[in-house]
Amino acid sequence: MENLIEIQNVYKTYQLGKVGSQALSDVSLCVHKGEIIVILGPSGSGKTTLLNVISGLDRVSKGKILYKGKNIAKYRDYRMTQFRKKNLGFIFQTYNLLEHLNVYENVLVGASLGKAKVDIDQIIDTVGLKRHKKKYMHQLSGGEQQRVSIARALAKNPSVMFCDEPTGALDEKTGKIVLKSLVEANEKLGTTMIIVTHNPGIALIGDRIVRMNSGKIVEVKENKSRMNPQEIPWG
Ligand SMILES: Nc1ncnc2c1ncn2[C@@H]1O[C@H](COP(=O)(O)OP(=O)(O)OP(=O)(O)O)[C@@H](O)[C@H]1O
Ligand SMILES: [Mg+2]
């Protein structure tokens, strides 16, 4: 399988006054093109930190982050921002949508960030929001809003989507619908997905499960067949 990202011996230390706190300690991992990786681990184990350094939102203290062989950890801020804008998509627990724009317009804003020419209607359809295209954010449920943010991220056709607790604010039924949208995007568009969660059921929708504890990867497990999000146990 083709390696899209290689994380090599990454360390992250947060400096708090005189003491350093080690959030990541010698983390190495390869991300394959087109796969869904789910990162699991208890609170404080370093999941978000790992996601942030892989996606260039934060800096490593030591180590390499290679995208197709290029070490982005060495990029200066401007170049890093450009790289992120062009290649990466983000989904967070909170949706960060533009309230004064409707669904279609929010997705359009996402498209304007990327270079790829995309069919906005088709993307809105992929996340199942065709009926809601003209609605404003306050007219949508939490799950629908999260699907708008997925559509917005997909609209620039990113090579990788980073999802930090994408269902953290959602109930089981809505959360599963959102996960289905992510899996469908992966299947239809080939988008590589890295999903962080502390819900172990979600791990079953992925191809590989990475377990973290105390800033280290403690296990990487292959999932032979992905489970349909509708069928996973919740929590
Ligand atoms: N900006 C920061 N400054 C100092 N310490 C930080 C900072 N961000 C995170 N940490 C520390 O790094 C460790 C890892 O935090 P991280 O946010 O990566 O955990 P997490 O696995 O995402 O947890 P959660 O499941 O609660 O979101 C924690 O001990 C946290 O307190
Ligand atoms: Mg976190």
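The values are calculated or read from the model by the stated rules, or taken from the named source; none is laboratory data. Note that the structure is predicted; figures quoted are calculated from it, not measured. When we count neighbours, we look across all protein chains shown, and the Cβ atoms used for this are built from the backbone with ideal geometry, even at glycine.
Within the range 53-77, restricting attention to residues that are over 19 Å from residue 208 (Cα atoms) and polar (S, T, N, Q), the residue that is farthest from ligand 1 (Cβ to nearest atom) is 71.
Residue 45 - would you say it is more than 18 Å from residue 194 (Cβ to Cβ) and out of contact with any Pro (no Cβ under 7 Å at 6 or more places or on another chain)? Reasoning before the result, please.
Details: more than 18 Å from residue 194 (Cβ to Cβ): no; out of contact with any Pro (no Cβ under 7 Å at 6 or more places or on another chain): yes.
No; evaluated as a whole, the condition is false for this residue.
What are the pairs, 6+ residues apart or on separate chains, where a residue within the range 20-42 that is acidic (Asp, Glu) has its Cβ under 6 Å from a residue that is surrounded by fewer than 17 Cβ atoms within 10 Å (Cβ to Cβ) and assigned to a strand (DSSP E or B)? From the range 20-42, the pairs are 26/9.
Could you please let me know if residue 8 is without any contact (Cβ under 8 Å) to a residue 60 or more places away in the chain, among the polar types (S, T, N, Q), away from ligand 2 (no atom under 15 Å from the Cβ) and out of contact with any Gly (no Cβ under 9 Å at 6 or more places or on another chain)? Lay out the reasoning, then the answer.
Details: without any contact (Cβ under 8 Å) to a residue 60 or more places away in the chain: yes; among the polar types (S, T, N, Q): yes; away from ligand 2 (no atom under 15 Å from the Cβ): yes; out of contact with any Gly (no Cβ under 9 Å at 6 or more places or on another chain): no.
Against the criterion (without any contact (Cβ under 8 Å) to a residue 60 or more places away in the chain, among the polar types (S, T, N, Q), away from ligand 2 (no atom under 15 Å from the Cβ) and out of contact with any Gly (no Cβ under 9 Å at 6 or more places or on another chain)), residue 8 does not qualify.
Here residue 166 passes the criteria (1) within 17 Å of the chain's Cα centre (by Cα); (2) at pLDDT 95 or above except the one numbered (2).
Out of everything in the range 28-39 that is of a type outside the set (D, E, K, R) and within 20 Å of residue 200 (Cβ to Cβ), what residue ends up being farthest from ligand 1 (Cβ to nearest atom)? Filtering the range 28-39 for residues that are of a type outside the set (D, E, K, R) and within 20 Å of residue 200 (Cβ to Cβ), the one farthest from ligand 1 (Cβ to nearest atom) comes out as 36.
Yes or no, residue by residue, for (1) buried (at least 19 other Cβ atoms within 10 Å of the Cβ); (2) modelled with pLDDT under 95; (3) of a type in the set (A, V, I, L, M); (4) part of a loop (DSSP other than H, G, I, E, B):
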position: 51; (1), (2), (3), (4): yes, no, yes, no
position: 82; (1), (2), (3), (4): no, yes, no, no
position: 95; (1), (2), (3), (4): yes, yes, no, yes
position: 105; (1), (2), (3), (4): no, no, no, no
position: 110; (1), (2), (3), (4): yes, yes, no, no
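Residues that are more than 13 Å from ligand 1 (Cβ to nearest atom) and under 16 Å from the mean Cα position of the chain (by Cα) do not occur anywhere in the range 210-223. Considered as a group, the residues in the range 28-49 that are of a type outside the set (S, T, N, Q) and within 15 Å of ligand 2 (Cβ to nearest atom) include one that is surrounded by the most Cβ atoms within 10 Å (Cβ to Cβ), and that residue is 39.
Of the residues 222, 165, 172, the single one that is within 16 Å of ligand 2 (Cβ to nearest atom), surrounded by fewer than 22 Cβ atoms within 10 Å (Cβ to Cβ) and of a type outside the set (S, T, N, Q) is 165. Between residues in the range 164-189 that are closer than 15 Å to residue 36 by Cβ and within 16 Å of ligand 1 (Cβ to nearest atom) and residues that are hydroxyl-bearing (Ser, Thr, Tyr) and in a helix (DSSP H, G or I), which pairs lie under 7 Å by C-beta distance while being six or more apart or on different chains? Qualifying pairs under 7 Å: 164/48.
Evaluated against (1) within 17 Å of residue 209 (Cβ to Cβ); (2) out of contact with any His (no Cβ under 8 Å at 6 or more places or on another chain); (3) within 15 Å of ligand 1 (Cβ to nearest atom); (4) of a type outside the set (S, T, N, Q), residue 42 falls short on exactly one condition, (2).
Scanning for something within 16 Å of ligand 2 (Cβ to nearest atom), over 20 Å from residue 160 (Cβ atoms) and either among the basic types (Lys, Arg) or surrounded by 13 or more Cβ atoms within 10 Å (Cβ to Cβ) (or both), does the range 54-74 turn up at least one residue? Checked against the condition, which is being within 16 Å of ligand 2 (Cβ to nearest atom), over 20 Å from residue 160 (Cβ atoms) and either among the basic types (Lys, Arg) or surrounded by 13 or more Cβ atoms within 10 Å (Cβ to Cβ) (or both), the range 54-74 yields no hits at all.
What about residue 206, is it at pLDDT 95 or above, within 16 Å of the chain's Cα centre (by Cα) and buried (at least 23 other Cβ atoms within 10 Å of the Cβ)? Even if it seems obvious, please write down each step before you answer.
Working: at pLDDT 95 or above: yes; within 16 Å of the chain's Cα centre (by Cα): yes; buried (at least 23 other Cβ atoms within 10 Å of the Cβ): yes.
Criteria met by residue 206.
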